[in-house]
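Quick notes on the structure that follows.
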There are 2 protein chains.
Amino acid sequence: MTVPSITEQITREQAQALLARHGIAPTEQRLEIARLLFAQHQHLSAEQILAQLSRNSARVSKATVYNTLNLFAETGLVREVVIDSAKRFYDSNPDPHHHLFHTDTGELEDVAPAQVQIAGLPGLPDSREVLGVDVVIRVGPRHTD
Amino acid sequence: MTVPSITEQITREQAQALLARHGIAPTEQRLEIARLLFAQHQHLSAEQILAQLSRNSARVSKATVYNTLNLFAETGLVREVVIDSAKRFYDSNPDPHHHLFHTDTGELEDVAPAQVQIAGLPGLPDSREVLGVDVVIRVGPRHTD
DNA sequence: AATGGGAACTAGACTTTGTCTAACCCCCTG
DNA sequence: CAGGGGGTTAGACAAAGTCTAGTTCCCATT
């Protein structure tokens with residue numbers, strides 16, 4: 001179920017283009033983190049990224065991983081997903097979509113937005129805007145009440 | 001905007017009835033926590049509850065607050081709301097509803113479910129069921145791009 | 001070539017939220 | 001009155017994330 005460690009990589013140039021599109025200066029560490037995250041559409045935690053990078057013997061500190069993920073999230077390069085109040089995940093799927101969370105396994109699945117529709121939003125003052133709508137569908141093993 | 005400290009209380013008997021309905025043994029501490037939470041529809045964190053209780057000079061330990069909130073959430077007496085991955089909130093509004101989160105102030109508002117509609121859910125194997133659908137609408141001050 | 005400044009990185013200390021553990025208390029039952 | 005179990009407690013602990021002070025690197029200016 002877990003992804004084999006032979007993840008298809010994106011090139012440095014592709015990573016650089018992604019950062020450039022979001023106005024992010026392309027440093028060594030940011031490129032490494034971007035290449036890892038965007039190797040495929042996935043949901044990774046800071047911890048996982050840190051572990052994977054040191055496994056790849058890339059030199060990156062914890063602080064930089066956190067700083068970089070926050071930077072990526074602020075600029076909209078990745079999406080921060082809050083599911084489990086103990087950990088943040090970063091989603092490299094740029095398309096609008098929702099999430100299906102398996103409470104027993106901790107797995108997180110993307111759900112096409114067409115399957116879930118938000119019919120209307122409450123009125124807001126002009127001074128405020130909707131930053132995002134997060135839909136999380138929690139599923140688990142069926143209860144045999 | 002913050003609620004005055006003169007919160008209307010519910011009686012011990014009402015609290016006791018709530019616990020009984022969910023099969024929870026009515027101890028002193030659980031009753032106090034329930035009376036606080038159900039004084040009105042609101043979203044409180046463990047920290048806030050602990051602070052308010054000690055302000056009321058009720059004797060409750062941190063461990064008991066956490067244990068009790070987990071117990072309440074497991075039995076469905078309150079709803080755990082995950083918004084801010086740094087803190088859990090417990091929602092005493094028993095009716096199905098969604099949430100509006102103000103990213104700047106940290107305020108959390110209820111949204112009537114009629115305003116948001118879930119059109120369809122992805123197919124699931126018979127062995128699994130949907131435990132809940134959480135919709136969080138994040139709003140903040142309008143960007144002047 | 002030397003100087004100065006700014007952005008980014010690092011290690012490690014620190015903070016915060018929540019969990020765990022061991023002892024204790026209280027009530028009920030036999 | 002002994003034993004047992006559920007509940008509570010204080011405080012130690014764990015995990016995730018933030019902060020700080022110092023360093024490095026690059027680049028522009030002299």
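Shown for A:THR75: label points 7 Å from Cα along the beta-carbon vector, and their distances to the equivalent points in the other copies, 5.1 nm in ascending order.
When the Cα positions of B:PRO113, A:ILE24, B:VAL135 are compared along the charge dipole of the protein assembly as shown, A:ILE24 comes out farthest toward the positive end, with charges on each C-beta of Lys, Arg, Asp and Glu. For segment A:12-91, a simple Cβ point-charge model (Lys and Arg +1, Asp and Glu -1, everything else neutral) yields a dipole of about 140 debye relative to the Cα centre. Does anyone have the angle between helix A:28-37 and the longest principal axis of chain A? Alpha-carbon axes, 0 to 90°, nearest 10? Helix A:28-37 sits roughly 40 degrees off the main axis of chain A.
The charge dipole of the protein assembly as shown, taken about its Cα centre with unit charges on the Cβ atoms of Lys, Arg (+1), Asp and Glu (-1) only, comes to about 760 debye. Stokes-Einstein diffusion of the protein assembly as shown at 10 °C, 1.306 mPa s viscosity, Kirkwood radius from Cα pairs, rounded to a whole number: 74 µm²/s. Note on surface exposure: A:ARG88, A:ARG59 rank A:ARG59, A:ARG88 by accessible area, highest first, 1.4 Å probe. For the listed peptides A:65-74, A:29-38, B:48-57, a ranking on the average number of other beta carbons within 10 Å per residue, highest first, reads A:29-38, A:65-74, B:48-57. Working from Cα positions, state the angle (0 to 90°, nearest 10) between the long axis of helix B:46-55 and the longest principal axis of chain B. On a 0 to 90 degree scale, this one is about 30. Compared with the dominant Cα axis of chain A, that is its longest principal axis, helix A:12-21 is turned about 50°. For peptide B:125-137, what's the mean number of Cβ atoms from other chains within 10 Å of each residue's Cβ? Mean shielding by partner chains, rounded to a whole number: 6.
With an 8 Å cut-off on Cα pairs and a minimum separation of 6 or more residues, tell me the relative contact order of chain B in percent.
The value is 18 percent.
Near B:ASN93: Cβ cut-off under 10 Å, other residues only, Lys/Arg at +1 and Asp/Glu at -1. The net charge is -2.
Mind running the shape call on chain A? Use the C-alpha gyration tensor, a ≥ b ≥ c as the square roots of the eigenvalues: rounded below 1.5 for a/c, prolate if a/b tops b/c, oblate otherwise. Walk me through the numbers on the way to the answer.
On the way: a/c = 2.06, a/b = 1.29, b/c = 1.60.
Cα axes put chain A in the oblate bin.
Ellipticity at 222 nm from helices only: DSSP H runs of n ≥ 4 in chain B, each -39500 (n - 2.57), divided by the residue count, give -9000 deg cm²/dmol.
Rounded, prolate or oblate: which one fits segment B:12-91, using the alpha carbon gyration tensor with axes a ≥ b ≥ c (rounded when a/c is under 1.5, else prolate when a/b beats b/c, else oblate)? Oblate.
The values are calculated or read from the model by the stated rules, or taken from the named source; none is laboratory data. On a predicted model such as this, the values are computed, not experimentally measured, just so you know. For neighbour counting, all protein chains shown are included, and Cβ atoms are generated from backbone atoms with ideal geometry for every residue, glycine included. Accessible surface is based on the protein model in full, side chains and every heavy atom, while ligands, DNA and RNA are left aside. Shrake-Rupley method; radii C 1.70, N 1.55, O 1.52, S 1.80 Å.
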